[in-house]
Amino acid sequence: MKRVLITGAAGFLGSHLCDRFIKEGFHVIGMDNLITGSLSNIEHLFKLEHFEFHHHDVTTFVHVPGELDYILHFASPASPIDYLKIPIQTLKVGSLGTHNLLGLAKVKNARILIASTSEVYGDPLVHPQDEEYYGNVNTIGPRGVYDEAKRFQESITMAYHRFHGLETRIVRIFNTYGPRMRLNDGRVIPAFMGQALRGEDLTVFGDGLQTRSFCYVDDQVEGIYRLLMSDYVFPVNIGNPDEITIKDFAEEIIKLTGTDQKVIYKDLPVDDPMQRKPDITKAKEILDWTATVGRAEGMKKTFEYFKNLTQEELYKSEHKDFSKHIRK
Ligand code: NAD
Ligand code: UDP
């Protein structure tokens, strides 16, 4: 039986990846320090013989007994609110954490895939973004802690590949959504759906003319799985190229949720990218992958998930309290 280590397992993408690898017949070792994730995302796996969970912070030495065939490194705060709140942990998990996992992959002779992001392109001057674009990142801006950690992560991964001959894969993930996103993580989809469910107005930042392209989680997981199993070592964009302005997206959510909320406008966060859309030519050619779930279908499934949350979850304190996880 093949063995896979998934970091960030209690998070949104990590938990869906655990489900996929269990389905594929792997022994899955999930690892997480629960700083932004929740055990409720994986509690359905605890009863399985071939799932184990390690509560561990990957910025400290990572030890996993036994053999490993694959490692997927998904641990990292991922929403702008989270990484602005825990900037140093964000830098550490992308740098020290990635270094630890590359070291582990080397001793275990495992193939490692790291979760990079469209944020490596920063506020892009090229549209749509293809993998050859070097990006436009403000290193010292508030988002720099995430963007530069991810750029370093790609560099050290390529260095381990070139210097040690390690088998490495890099996925550049564009905005992905679906069930198990944290309602209060500040990302636009849970934000709008939570507001609609609580009967609050939808907060559009800036003039709402900035664009994003949203990918449903099942498509994302399929792309990641195909990339891991491929022999391609350079970064591959995985995302849905169907682009929309945030303003139009807010109107779509109001229609979908059947509420009569208004849109209200708030300040645009610093360095918020003005346009984002993946060029997925590489994913199509190399992985024979394309996004298959349209926004209407994906948003409907996601809304069903949020609708089923309890009143307590819906009104839970604004943002998760990270303080107990932070070593002084
Ligand atoms: P998430 O916050 O739901 O999951 C991240 C998980 O990592 C959480 O469970 C958290 O507790 C864990 N974690 C953070 N620091 C850790 C540490 N030091 N040690 C162990 N565990 C730690 O976020 P997500 O959306 O599932 O993102 C997962 C990965 O995908 C991240 O690396 C993120 O950068 C990347 N990504 C996601 C998106 C997206 O749209 N969802 C887009 C681009 C990149
Ligand atoms: N956004 C918004 N209202 C919100 C939350 C986000 O208008 O309540 C905007 C945000 O400014 C950005 C886009 O929605 O332009 C996507 O934001 P998100 O935090 O989901 O991810 P990003 O793509 O910026 O990392």
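Value of Rg to Rh for segment 211-293, rounded to two decimals, is 1.08; Kirkwood radius and Rg both from alpha-carbon coordinates. The overall shape of segment 161-283, judged from the alpha-carbon gyration tensor, is prolate: a/c is not under 1.5, and a/b is greater than b/c.
Note on exposure: Ile156, Ile88 ranked by accessible area (1.4 Å probe, complete protein assembly) read Ile88, Ile156, with the most exposed listed first. With semi-axes defined as the square roots of five times the eigenvalues of the C-alpha gyration tensor, the equivalent ellipsoid of the chain measures 30, 22, 19 Å, largest first. Listed values for segment 144-149 are Karplus-derived 3J(HN,Hα) couplings in whole Hz (6.51 cos²θ - 1.76 cosθ + 1.60, θ = phi - 60°), namely x, 4, 7, 4, 6, 4, and x replaces Gly and Pro. In this simple spin-label model, placing a label point 7 Å from the Cα along the Cα-to-Cβ direction at both Leu309 and His63 gives a separation of 3.8 nm. Once the C-beta distance of Lys284 and Val263 is scaled by a Förster radius of 30 Å, the resulting FRET efficiency is 0.30 to the nearest 0.05. Note on exposure: Asp279, Asp321 ranked by accessible area (1.4 Å probe, complete protein assembly) read Asp321, Asp279, with the most exposed listed first.
Comparing Asn109, Asn175, Asn308 in a Gaussian network model of the chain where C-alpha atoms under 10 Å apart are linked, the largest mean-square fluctuation is found at Asn308.
Rounded to the nearest 20, the Cβ-based charge dipole of the chain about its Cα centre (Lys and Arg +1, Asp and Glu -1) stands at 740 debye. Relative to the longest principal axis of the Cα atoms of the chain, the long axis of helix 246-257 makes an angle of roughly 80 degrees. Our estimate of slack between Asp321 and Leu34, defined as 0.36 nm per intervening residue step minus the Cα-Cα distance, is 102.2 nm.
In the chain, helices alone account for a calculated mean residue ellipticity at 222 nm of -10500 deg cm²/dmol, with every DSSP H run of four or more residues adding -39,500 (n - 2.57). Accessible surface calculations at 1.4 Å, restricted to protein heavy atoms, place segment 114-251 at 35 Å² per residue. Beta bridges assigned by DSSP with both partners in the chain are antiparallel in approximately 10 percent of cases. On the chain, 53 percent of the accessible area sits on carbon and sulfur atoms, based on a 1.4 Å probe.
Taking 0.36 nm per residue of separation and subtracting the Cα-Cα distance, full extension of the segment from Lys2 to Ile140 would add 45.5 nm. Cross-link reach is defined here as a Cα-Cα straight distance under 19 Å, omitting same-chain residues fewer than 8 places apart; for Lys247 the aspartates and glutamates meeting it are Asp123, Glu200, Asp201, Asp207, Asp260, Asp267, Asp271, Asp272. Where in segment 254-318 are there chymotrypsin sites (Phe, Trp or Tyr not before Pro) that are in a DSSP coil and have at most 11 other Cβ atoms within 10 angstrom of their Cβ? For chymotrypsin sites (Phe, Trp or Tyr not before Pro) across segment 254-318 that sit outside H, G, I, E and B with at most 11 neighbouring Cβ atoms in 10 Å, the list is empty.
The values are calculated or read from the model by the stated rules, or taken from the named source; none is laboratory data. Note that this is a predicted model, so its numbers are computed, not measured. Methodologically, a virtual Cβ is constructed for each residue, glycine included, from the backbone with ideal geometry; neighbour enumeration extends over all protein chains shown. These accessible areas exclude ligands, DNA and RNA; they are computed on the full protein's heavy atoms, side chains included. Shrake-Rupley method; radii C 1.70, N 1.55, O 1.52, S 1.80 Å.
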